[in-house]
Every structure is written in C-alpha cells, then in structure tokens.
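Some notes on the structure that comes next.
The values are calculated or read from the model by the stated rules, or taken from the named source; none is laboratory data. Source: prediction; values computed, not measured. With ideal geometry, Cβ positions are generated from the backbone for all residues, glycine too; neighbour counts draw on all protein chains shown. When the accessible area is computed, the model is the full protein with side chains, heavy atoms only, and any ligands, DNA or RNA have been set aside. Shrake-Rupley method; radii C 1.70, N 1.55, O 1.52, S 1.80 Å.
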Amino acid sequence: MTQNSWTPPDTSRVGATLETFILEGMFTAPGASGTFSSLLNQIALAAKLITARVRSAGLADVLGLTGAENVQGESVQKLDVIANETLIASLRRRGHCAGVASEELVDPVFFDQARGGYLVVTDPLDGSSNIDVDISIGTIFGILRFDRKAGPPTLQHFLRPGREMAAAGYVIYGSSTVLVLTTGQGVHAFTWDPSAGEFFLSHENIRCPAVGKMYSINEGNCGRWTEGVRSWATWIKDTDKSDGRPYSHRYVGSLVADAHRTLLKGGIFVYPADTKSPNGKLRLLYEANPMAFIFEAAGGKALAGKQRVLDVEPTELHQRVPLVIGSAQDVDNYERIVNGIDV
Ligand code: FDP
C-alpha cells in the first residue's frame with residue numbers, strides 16, 4: 001500500500017457549495033436569525049432559474065422587446081419581465097421576505113402572509129440593452145432587515161441609507177454565472193457548475209486591489225460632462241509611468257459586468273452626473289447601494305457625487321445618483337481631480 005501524500009488544505013473553503021457555506025453560517029449577518037439563510041437560498045434558486053432562461057434565450061423566443069416601457073421610460077425586454085417574476089416568486093415562497101422593490105415595478109410589492117424579517121431591493125436584469133447581443137448581464141440585489149412587529153411594511157421601509165443593508169450581491173450571467181455575496185464581512189463569489197447543478201465557492205474573501213490599471217466610463221458622453229470630470233478623463237489618459245498611466249479603457253455598458261471586472265482587477269467605474277442626466281443615470285436603491293456595499297466590504301470605495309454612496313438618504317424609490325466605484329486609490333484620485341486638487 002502506498003502512503004497517502006495528500007494533505008487537505010486547512011482553512012480555504014474554495015470548492016464548498018453555496019448551500020454548505022450558507023448552512024455553516026458563513027453569511028450570518030449581525031442580528032440575523034436563521035431565516036436569513038433561507039432568504040439567501042431563495043435568491044440562489046432564482047439565480048439558477050434566471051441562468052437557465054438567459055442561457056436558452058435565443059432558442060426559446062424570449063429575446064427582444066415586450067413593447068412596454070418600465071418606470072424609467074426604458075423599453076422592457078421579455079427577459080426583464082421573466083427575471084422580475086422569477087425573483088419575486090422565489091422570494092415570496094418561504095415567508096421571510098415581506099416585500100420587494102424592483103426596477104421593473106413602479107411600487108414595491110408586499111407579501112401580506114409573510115412572517116417578515118427582510119425586504120429586498122433589486123434590479124432583476126441589469127444591462128438589458130445588452131441582452132440581444134449576448135453580452136454579460138446580471139441581477140443586483142440588496143437585503144434590508146424588517147421587523148414586522150412594527151406594523152406592515154410600507155414604501156418608507158425601503159427608503160433607508162445603504163449602510164443599513166444586511167447584505168448585498170449580484171449575479172453575473174457571463175461566460176459563466178457567478179454569484180457575488182456579502183453581509184459586509186467578506187465578499188465571496190460562487191461559480192455555477194451546470195453539470196453538477198450547484199454554485200461552488202470560487203473566490204473567497206475578494207479584495208478589490210488598492211489601485212488598478214483600467215478606467216470605465218461612457219466616453220461618448222464627454223460633451224455632457226462637467227469640467228472636473230473632463231479633467232480627470234484627460235489625466236487618466238496622460239502618460240506617467242510612475243503611476244501606471246495611461247490607464248486602459250474598458251466599458252461594457254452593463255453595470256454588473258463593469259463592476260465585476262473592477263472588483264476583481266481593480267481600477268475605477270464612473271457614471272457621473274451630466275447635462276443629460278443631472279442626477280446621474282444609475283439607481284440608488286438597487287444599483288448603487290448594493291455595489292457600494294460590496295466594494296466597501298472588499299476594501300474599495302464608492303461615491304455618489306461628493307458623498308459616500310452608503311450615506312445618501314433616499315427620498316424616492318427609483319432615485320438616481322452619480323456613481324463612482326473602484327479601487328480606493330483610484331477613487332481618491334478621481335475625487336481630488338474632479339474637485340480641482342492636484343494629485
Ligand atoms: P441598461 O440601460 O442597459 O439597463 O442600469 C442601467 C444600465 O444599463 C447599466 O447597466 C449600465 O452601466 C448603464 O445603464 C449604461 O448606460 P449608458 O448606455 O448610458 O452608458
């Protein structure tokens with residue numbers, strides 16, 4: 001008999017299924033009860049179902065427009081509707097979610113029979129304009145605690161600053177489907193293995209690099225930017241080997257894809273306020289807040305104009321904000337240059 005020379009890795013959990021990770025309490029949020037795990041499982045279930053629809057979209061006649069417009073005045077894609085319905089149906093099932101605010105719905109939906117515990121904010125299928133051309137799209141979500149003892153949930157319960165979230169995450173439907181999740185303590189990514197039918201932990205304790213090499217912004221909007229944003233966009237393209245400039249430009253135009261790359265490789269993503277979108281384009285509650293929560297938990301930074309995204313006090317469900325997320329040093333440099341301070 002030969003001696004077994006293999007020793008199991010000690011602390012790494014890479015390879016664990018999402019279910020095991022959740023069951024072992026790895027996502028226990030401060031003050032969370034056991035129902036939290038159940039809620040995460042329901043989100044993972046929705047991610048699996050949406051993955052299946054996205055992967056077969058070209059074959060199953062679900063590409064294209066429905067002919068309707070959503071609350072933002074944008075054309076609604078059939079897959080937008082499917083993702084929205086799938087997520088809401090999944091969240092309703094176990095009774096731990098008392099309501100959902102979605103990009104696709106003017107008002108939140110409330111689940112009267114729910115015992116409560118949590119509220120969910122979501123963009124069920126972000127990057128819709130990329131659906132028909134097979135570019136990565138995603139689901140973004142944030143989870144807020146909700147105490148039913150305080151009465152039934154209302155719109156007001158959703159209008160809380162992002163720092164109060166219990167958890168946030170996104171699912172990217174890219175070359176593989178990856179679910180990124182955090183309760184504010186450690187950001188972890190799980191990759192979907194379709195042959196096994198499981199999400200496996202693939203990136204444990206993601207840290208956004210302190211500085212990157214790529215910047216991401218819709219350069220076509222430069223004529224609408226403020227002088228400050230233009231100065232930064234010029235600076236980042238100038239040559240200075242001492243700090244790695246010029247940066248490379250990458251812009252997918254799908255927030256989940258641009259954010260995922262920035263989280264893993266570092267750099268900066270910017271969607272500023274401009275003359276066309278004076279408040280920015282991206283939505284505070286279900287786009288900016290979850291991304292900011294994830295970036296901060298990974299050591300990065302997130303700004304909405306001059307303030308931290310997570311400190312913005314929401315006044316409307318579908319409120320828009322300017323958004324800057326990325327490596328701490330890259331966001332600091334952006335802030336200084338836009339405000340006229342030398343780097
Ligand atoms: P989309 O309109 O395709 O849904 O959420 C809005 C969003 O995509 C983001 O995913 C993306 O980052 C941004 O808009 C792209 O906007 P521009 O086309 O104006 O660059």
Inset, instruction - Could you work out the relative contact order of the range 173-300, using alpha carbon pairs under 8 angstrom and six or more residues apart, expressed as a whole percent? - result: 30
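Whenever you get a sec, compute what percent of the accessible area on the range 88-229 sits on carbon and sulfur atoms (1.4 Å probe).
Looking at the range 88-229 in its full context, I get 51 percent from C and S.
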Legend entry - Check: the chain dipole with +1 on Lys, Arg Cβ and -1 on Asp, Glu Cβ, in debye: 340
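How would 343, 171 line up by accessible area, probe 1.4 Å, largest first? Before the final figure, lay out the partial values.
Working: 343 95, 171 0 Å².
Descending accessible area places them as 343, 171.
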Inset, instruction - Would you please classify the overall shape of the range 294-336 from the alpha carbon gyration tensor, given that a ≥ b ≥ c denote the square roots of the eigenvalues, rounded means a/c under 1.5, and beyond that prolate means a/b larger than b/c while oblate covers the rest? - result: prolate
Legend entry - Accessible surface, the chain, averaged per residue in Å² (probe 1.4 Å): 44
Legend entry - Rounded accessible area of residue 260 (nearest 10 Å², 1.4 Å probe): 30
Legend entry - About the Cα centre, charge dipole magnitude for the range 267-343 (Lys/Arg +1, Asp/Glu -1 at Cβ), debye: 200
Legend entry - Relative contact order of the chain, defined on C-alpha pairs under 8 angstrom at six or more residues apart (%): 16
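To the nearest 0.05, what FRET efficiency results for residue 341 and residue 135 with a Förster distance of 51 Å applied to their C-beta separation?
Plugging the Cβ-Cβ distance into 1/(1 + (r/R0)^6) gives 0.90.
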Legend entry - Cα coordinate range in the chain, projected on the principal axes (Å, largest first): 64, 55, 45
Inset, instruction - May I ask what percent, to the nearest 5, of DSSP beta bridges between residues of the chain are antiparallel? - result: 85
Inset, instruction - Pick out which of 189, 57, 168 has the largest mean-square fluctuation in a Gaussian network model of the chain, springs linking Cα atoms closer than 10 Å. - result: 57
Inset, instruction - Note down the nm distance, to one decimal, between modelled labels 7 Å out along Cα→Cβ at residue 14 and at residue 234. - result: 4.4
Legend entry - Candidate aspartates and glutamates - alpha carbon under 17 Å from residue 276, same-chain residues fewer than 8 apart omitted: 74, 219, 227
Inset, instruction - Pick out which of 243, 134, 112 has the largest mean-square fluctuation in a Gaussian network model of the chain, springs linking Cα atoms closer than 10 Å. - result: 243
Inset, instruction - Kindly identify the range 140-276 as rounded, prolate or oblate by the Cα gyration tensor criterion: order the square roots of the eigenvalues as a ≥ b ≥ c, call it rounded if a/c is under 1.5, otherwise compare a/b with b/c, prolate if a/b is larger, else oblate. - result: oblate
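Pairs to check: 48/281; 281/301; 265/301; 237/281; 281/306. Give those whose C-alpha atoms are more than 22 Å from each other in this structure. The partial results should precede the final answer.
On the way: 48/281 29 Å; 281/301 19 Å; 265/301 14 Å; 237/281 24 Å; 281/306 16 Å.
Exceeds cut-off: 48/281; 237/281.
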Legend entry - Relative contact order [Cα under 8 Å, 6+ residues apart], the range 244-303, whole percent: 20
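Quick check on the range 224-316: take the gyration tensor over C-alpha atoms, sort the square-rooted eigenvalues as a ≥ b ≥ c, and tell me if it's rounded (a/c under 1.5), prolate or oblate. Don't skip to the answer; put the middle values down first.
Details: a/c = 1.88, a/b = 1.31, b/c = 1.44.
Oblate, since a/c reaches 1.5 and b/c is not below a/b.
At most 13 other Cβ atoms within 10 Å and a DSSP loop assignment: could you name the trypsin sites (Lys or Arg not before Pro) in the range 88-157 that fit? Could you put the intermediate results ahead of the total?
Details: sites: 92, 93, 94, 115, 145, 148, 149; in loops: 94, 115.
Hits after loop and neighbour filter: 115.
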Legend entry - D (Stokes-Einstein, µm²/s), Kirkwood Cα radius, the range 82-171, 1.567 mPa s at 4 °C: 95
Inset, instruction - Take the Cα of residue 191, step 7 Å along the line toward its Cβ, and report every residue of the range 199-214 whose backbone nitrogen sits under 13 Å from that point. - result: 199-204
Legend entry - Label point distance in nm, residue 311-residue 249, each placed 7 Å from Cα along Cα→Cβ: 3.3
